[in-house]
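In what follows, a structure is listed as structure tokens, so that the remarks can point back to it.
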Amino acid sequence: MWREESRMSQTRLLERRTTLGEVETRAKGSSIYVEGYASVFESRSGNLGGFVEKVRNTAFNKTIKEADVRALWNHDPQYLLGRTSAKTLDISLDDKGLYYRALLPNTTYGKDLAELLERRDVRESSFTFFKIQDEWDLTDEGYPQRSLVEVGLIDVAPVTFPAYEDATSGVARRAALDGLAKRCGIDGCNIESTLDTDLAIKEAIQRLLEPEESTDEKRTLQPDTDNTTQQNSKLTKEKAKALLAQDQLEDFKLF
């Protein structure tokens, strides 16, 4: 199962998001739990590199039933805190967001984390995911906004640094813009060069929001498009012949 998920992760662009002030410890007998909200619904992020983002309340509906999710300290697989298939991690949804509760292991790093949580040195949460479905629109202020409609959940994590990593990570920014680029007909290799500014992202979103041309309009436009293409092709061939003739003349002069 882990190998299958690893292969899947390698073929998808992974992203991370952070929730502020939402993780703490709970003791039950001799057991210590870490729990908090990995994601809060409809909470707008900061600037993620040319756009803002929010998570819909539909984002995790399917994945929490299917995925074998891990809890990791700082997203580091060496510091495994719990796992849903092992019943050491519980994840659930409520009106606020995605809630997780992990039984801390009786290990050195588990005890270290418990101490840091008690001291409130660590008090933020984060989650890693890959996008399945998203939507793009503009905020009331006219700023590009991405909504996560459905995601595949990889892990949840208490984290030391709560910064939105996508604001500085080119790889993560590319992951977010990948779906927008495809829907706008932008080649994957040209995402960064084409959607390199806030304005470019906004213009791409506006193209998506524009109503599609009717079938009759497309049929009316088609002959003109074909004629233009044929004319351009003819001009290109004539130019090529002229250049070839010029090259032959220059070669002749050499003799």
Legend entry - Looking only at region 126-162, and only at residues there that are open to solvent by less than 10 Å² (accessible area, probe 1.4 Å) and small (Gly, Ala, Ser), the one that is farthest from the chain's Cα centre (by Cα): Ala157
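Go through Glu217, Glu212, Glu238 for me and flag whichever is outside any helix (DSSP H, G or I), open to solvent by 90 Å² or more (accessible area, probe 1.4 Å) and at pLDDT below 70.
Values: Glu217 fails: outside any helix (DSSP H, G or I); Glu238 fails: outside any helix (DSSP H, G or I).
Testing whether each residue is outside any helix (DSSP H, G or I), open to solvent by 90 Å² or more (accessible area, probe 1.4 Å) and at pLDDT below 70 leaves just Glu212.
Return the residues of region 14-48 that are of a type in the set (Gly, Ala, Ser), open to solvent by 20 Å² or more (accessible area, probe 1.4 Å) and either within 14 Å of the chain's Cα centre (by Cα) or under 17 Å from Glu124 (Cα atoms) (or both); say none if nothing qualifies.
Step one: list which residues in region 14-48 are of a type in the set (Gly, Ala, Ser), which gives 21, 27, 29-31, 36, 38-39, 43, 45-46.
Applying the additional criterion that residues be open to solvent by 20 Å² or more (accessible area, probe 1.4 Å) yields 21, 27, 29-31, 43, 46.
Scanning region 14-48 gives Gly21, Ser43, Gly46.
Any chance you could count how many residues in region 49-92 are charged (D, E, K, R), open to solvent by less than 30 Å² (accessible area, probe 1.4 Å) and within 18 Å of the chain's Cα centre (by Cα)?
Start the filter on region 49-92 by keeping residues that are charged (D, E, K, R), which leaves 53-54, 56, 62, 65-66, 68, 70, 76, 83, 87, 90.
Then drop every residue that is not open to solvent by less than 30 Å² (accessible area, probe 1.4 Å), which leaves 53, 68, 70.
Subset that is within 18 Å of the chain's Cα centre (by Cα): 53.
Residues that pass the stated criteria total 1.
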Legend entry - Any pair with Cβ under 6 angstrom, 6 or more apart, that starts in region 92-112 at a residue that is closer than 19 Å to Thr128 by Cβ and in contact (Cβ under 8 Å) with a residue 12 or more places away in the chain and ends at one that is open to solvent by 50 Å² or more (accessible area, probe 1.4 Å) and not aromatic (Phe, Trp, Tyr): Tyr99/Ser92; Arg101/Asp90
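The values are calculated or read from the model by the stated rules, or taken from the named source; none is laboratory data. Every value quoted in this text rests on a predicted model; they were computed, and no experiment measured them. A quick note on method: Cβ atoms are made from the backbone with ideal geometry, for glycine too, and the neighbour counts reach across all protein chains shown. Each accessible area value is taken on the protein alone, full model and side chains, heavy atoms only, with ligands, DNA and RNA left out. Shrake-Rupley method; radii C 1.70, N 1.55, O 1.52, S 1.80 Å.
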